[in-house]
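So the structure is just underneath, and the comments pick up after that.
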Amino acid sequence: MTDDEALQEAQRRWGVKAYVRDQSGGPDRFKVGIQSLPGVFLVKGAGQSWEEAFLAADRNARKPP
């Protein structure tokens, strides 16, 4: 999945506030979530690929509050 495809998938899931971040280095460099305020990124999932990050977001959404 490319960066553009990841952003499109995030927007499909979470709307216009969707945001994706590729931070080189570290085990979970790909992050997906929502840009709630300027400079505030609510991470819904992270992984070693975009696919892993979205899977993690799915798992996190199913966790009880």
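The values are calculated or read from the model by the stated rules, or taken from the named source; none is laboratory data. Since the model is a prediction, treat every value here as computed from it, not as a measurement. Positions of Cβ are backbone-derived with ideal geometry, glycine not excepted, and every protein chain shown enters the neighbour counts.
Okay, residues lined up against (1) on the phi < 0 side of the Ramachandran plot; (2) at pLDDT 95 or above; (3) in a strand (DSSP E or B):
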{"site": "Asp4", "(1), (2), (3)": "yes, yes, no"}
{"site": "Arg13", "(1), (2), (3)": "yes, yes, no"}
{"site": "Gly25", "(1), (2), (3)": "no, no, no"}
{"site": "Ser36", "(1), (2), (3)": "yes, no, yes"}
{"site": "Ala46", "(1), (2), (3)": "yes, yes, yes"}
{"site": "Ala56", "(1), (2), (3)": "yes, yes, no"}
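Would you pick out the residues in segment 4-32 that are touching a helix residue (DSSP H, G or I) at 6+ places or on another chain (Cβ under 8 Å) and over 14 Å from Lys44 (Cβ atoms)?
Glu5, Asp22
Name the residue, out of Glu5, Glu9, that is acidic (Asp, Glu) and more than 10 Å from the chain's Cα centre (by Cα).
Numbers: Glu9 fails: more than 10 Å from the chain's Cα centre (by Cα).
Of the residues listed, the single one that is acidic (Asp, Glu) and more than 10 Å from the chain's Cα centre (by Cα) is Glu5.
Considering only residues of segment 34-62 that are within 16 Å of Thr2 (Cα to Cα) and small (Gly, Ala, Ser), which is surrounded by the fewest Cβ atoms within 10 Å (Cβ to Cβ)?
Here the residue is Ser49.
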